[in-house]
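Here the structure comes first, spelled out in structure tokens, and everything after it is commentary.
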Amino acid sequence: MPALLPMLMATSHILLVADNVPKLNYEPSCKAAVAAAALPGRDEESCRRDEETARATLEKIWTQFNAADRTRCLRLTTLGGAPSYVELLTCLEMSRDVKTMPEMGGEGQSIER
């Protein structure tokens, strides 16, 4: 039973994270994006605005995404780099949209889900 305690605590933490839009520190992501950007006019302020817009959008539609997708996308967004609300929103929208795509039929065509 004591061995289950850490697993239960970790699981409950993941569920809590998935219930609300997480707080992400996107500043490092904006700094990196601006440093790598080849687009004129792309500065940290425009990146911050994009991130805040994405967060506001997530606040409105967060509960429309299922918990498994929220947890998976949050992990992907924060894995190995600076997190981004824009990336989190994109991941969630893609996860949602792929579920509504029609099955591809025909020879040699298939989509696995």
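Out of the residues in the range 41-77 meeting the condition of being in contact with a helix residue (DSSP H, G or I) (Cβ under 7 Å, 6 or more places away or on another chain) and among the hydroxyl-bearing types (Ser, Thr, Tyr), tell me which one is modelled with the lowest pLDDT. Within the range 41-77, the match that is modelled with the lowest pLDDT is Thr77.
Taking the range 21-78, which residues are surrounded by 12 or more Cβ atoms within 10 Å (Cβ to Cβ), not in a helix (DSSP H, G or I) and not β-branched (Val, Ile, Thr)? Selection gives Pro22, Leu24, Tyr26, Ala37, Arg42, Asp43, Phe65, Asn66.
The values are calculated or read from the model by the stated rules, or taken from the named source; none is laboratory data. Keep in mind that this is a model prediction, so the values were computed, not measured. Here the Cβ is made from the backbone with ideal geometry for all residues, glycine too, and neighbour counts use every protein chain on show.
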